[in-house]
Each structure stands twice: as structure tokens, then as C-alpha cells.
Amino acid sequence: MSVGPGMIEVMTTSIVEEVVLRTAEKHGVPAAVAQELLVSSRPCLHLVPFQSLTLAQQEAARPVARTGGVPSLPEGVNWPDGCEPLTLTVDCAAIPRDVLDIRLPSDGSLLFFTEIEYEPESSVVLHVPAGVRTTERAATYELDGELGQIRVYQPDVLYSVPGLTVAPDWRDAQATSAFLDGDADRDDVLDDFEDALRDAAAGGASHGVSVQLGGFSSPWQSAPDEGDLVLLAQIHGQSIDYNVYTQTLIVGTRKDIAEGVYEALQFEQQV
């Protein structure tokens, strides 16, 4: 997807700094605290349905991903072992360039096979390069002569909006810690500051329940993106099926993600 110029501009370094400092001033947050947040921030992309975009964003929007459906796979490539549902397909050529700080393929599609309703037995990410001849696969499998049905989630088109995430421990930094020590209500001030920044980065789009590519995770339990591991994708169950209250976090090293070693990825489902 090639999003509108204003949407990508929000995520350039100079514009991000300007927005952070302006928002900090508005919320009574010292510039030194705002700078510590900047140092601890990482960009991301939120993948949201059309109705979650602002009217201005809708005018420039082009699809970047699809939930559910059935996969189109090259000859000789079968539905992955375990027959987990196809949860998400991302059009790599449609991802805005130079927005994320992780490297994804420049073309083709990334297919995410994972169960979101129950703990998956196996999960797979496949890259199908552009130009490769593919065939749509039926959502069935054969086991001991019996035909089984693979779960197919409702297809829905998703669009990208930029986002800003911060490290969970950013408030431990020196200036921020001193600011918090000055008043018991300042945790709430920083909460409001962070919320305003997330809204500004997304240009007003709604992204509370969405798919997220890159950035820091926002886990319900322990964060899996620690040490050498970074977030590839975070998939809220409700972004795929509104009745599913889980989130799936997919992490790997920067090197493995950049080189497409997707078999080394780690999947964690949280409820």
C-alpha cells in the first residue's frame, strides 16, 4: 500500500520529534522527559479495516493485507503441516518503505498460518515471491482416508497506518523518574501523553484492536520481544474474528526476519 503523503510524513524522524515535543508541552511534560521517550520509541504499522480510517485517510487508502480466506501457494508447496488456519496475508510491495525498523521482503506476500482460538500446535510464516505462479488451495486435508476441514476465517481487507510504540521500561529513565517522583498524579499525565502520541502518529485512525507489524509489543502477559528478539507481528484475535479474545505475538531476531528465516520465528498466544 502506498499511503497518503501525510500519513508517511508523520513517521519521519524530524516530524516525530516535533509531534512528541509539541504534545509534551500541551500535556505539561518536560522536554527532557519527551526526549527520553523518543530514545525509547520504535515505529510500527497498524493494519486496520477501512472503517477505522479517518475520512481523509480513506480517500488515499489502498489495501495492504487481508485477513482469513484460503491461501494461493506455488506448485509443490502445500498447506503447512498442522493445517492451522490462514490468519493473515500481507502484500509486501504495499508496505510503506522506510517506515519500519525491521526489514521485510520488498515484494510478494507473507502468509501467516496460526490458530487464534486455541493454543496452536504449530504455526508457520511463508513468503511467496512476486511473479511465482500460484494456485488457490482448498481448505481440506486427508487423514487416514477421511477428509477434514480446515478453519477459514472471513476475509477482510486491511489498510496500514503508522504507529509509535515505546519500550515498557522507558519511565525508568533519569528525567522521567524524577518527573514521576514529583507528584503522585504524574503517572496519569504520562498515560495521557502516550495516548495522545499514539493517536497523533496514527493520524486519528482507530487501531485499538488491530494487527501490528514491527515496533514494541503490547502484551497482556510477559513481553516475548526481549533480548535479541523483536516483534514481527502482533495479531489481536478480534481483528480476525470479533468473538476471539486472544492475541498472538510473533517474534524473531532482526537477522532472521531480514533474511527470511521464518522457520526460526517464535509464536506466543496470550489470553
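Let me confirm something: among Ala233, Ala264, Ala258, which residue is out of contact with any His (no Cβ under 6 Å at 6 or more places or on another chain) and under 30 Å from Ala24 (Cβ atoms)?
Details: Ala264 fails: under 30 Å from Ala24 (Cβ atoms); Ala258 fails: under 30 Å from Ala24 (Cβ atoms).
After ruling out the rest, the residue left standing is Ala233.
Being open to solvent by less than 10 Å² (accessible area, probe 1.4 Å) and touching a residue at least 60 places away in the same chain (Cβ under 8 Å) is the filter here, so list the residues in the range 111-121 that pass it.
Selection gives Phe112, Thr114, Ile116.
Kindly indicate whether Leu55 is aliphatic (A, V, I, L, M) and exposed (fewer than 14 other Cβ atoms within 10 Å of the Cβ). Yes, satisfied. Just one of the listed residues (Pro30, Pro63, Pro74) is in contact with a strand residue (DSSP E or B) (Cβ under 7 Å, 6 or more places away or on another chain), of a type outside the set (A, V, I, L, M, F, W, C) and open to solvent by 30 Å² or more (accessible area, probe 1.4 Å), namely Pro63. Listed by position, the strands (runs of 3 or more DSSP E) enclosed by the range 28-115 that each have at least 2 residues that are touching a Leu at 6+ places or on another chain (Cβ under 7 Å) are 41-48, 65-67, 86-91, 109-113.
Has the range 237-250 got any residue that is farther than 23 Å from Glu121 by Cα and open to solvent by 50 Å² or more (accessible area, probe 1.4 Å)?
From the range 237-250, those farther than 23 Å from Glu121 by Cα are none; that's our starting set.
There is no residue in the range 237-250 that is farther than 23 Å from Glu121 by Cα and open to solvent by 50 Å² or more (accessible area, probe 1.4 Å).
Scan Leu197, Leu143 and give me the residue that is modelled with pLDDT under 95 and either farther than 19 Å from Thr114 by Cβ or over 15 Å from the mean Cα position of the chain (by Cα) (or both).
Details: Leu197 fails: modelled with pLDDT under 95.
After ruling out the rest, the residue left standing is Leu143.
Would you confirm whether any residue within the range 99-112 is out of contact with any Lys or Arg (no Cβ under 7 Å at 6 or more places or on another chain), at pLDDT below 95 and among the β-branched types (Val, Ile, Thr)? Checking the range 99-112: at least one residue is out of contact with any Lys or Arg (no Cβ under 7 Å at 6 or more places or on another chain), at pLDDT below 95 and among the β-branched types (Val, Ile, Thr). Just one of the listed residues (Val128, Val99, Val124) is buried (at least 18 other Cβ atoms within 10 Å of the Cβ), under 17 Å from the mean Cα position of the chain (by Cα) and within 21 Å of Arg62 (Cα to Cα), and it is Val99. Beta carbons closer than 6 Å, at least 6 apart along the sequence or on distinct chains, pair a first residue in the range 135-158 that is within 26 Å of Val48 (Cα to Cα) with a second that is assigned to a strand (DSSP E or B) and of a type in the set (Lys, Arg) for Pro155/Arg66; Val157/Arg66.
Of note, Leu21 satisfies the criterion of being without any contact (Cβ under 8 Å) to a residue 40 or more places away in the chain and either under 25 Å from Gly208 (Cα atoms) or among the aliphatic types (A, V, I, L, M) (or both).
Are any residues in the range 31-61 charged (D, E, K, R) and under 21 Å from Gln212 (Cα atoms), and if so, which ones? Quick ask: steps written out before the conclusion?
To start, the set of residues in the range 31-61 that are charged (D, E, K, R) comprises 36, 42, 59.
Answer for the range 31-61, where residues must be charged (D, E, K, R) and under 21 Å from Gln212 (Cα atoms): just Arg42.
The values are calculated or read from the model by the stated rules, or taken from the named source; none is laboratory data. It should be emphasised that the depicted structure is a prediction, and the values quoted were computed from it without experimental measurement. Every residue, glycine among them, receives a Cβ derived from its backbone with ideal geometry; neighbour counts consider all protein chains shown. Heads up: the accessible areas ignore ligands, DNA and RNA and are worked out on the full protein's heavy atoms, side chains in. Shrake-Rupley method; radii C 1.70, N 1.55, O 1.52, S 1.80 Å.
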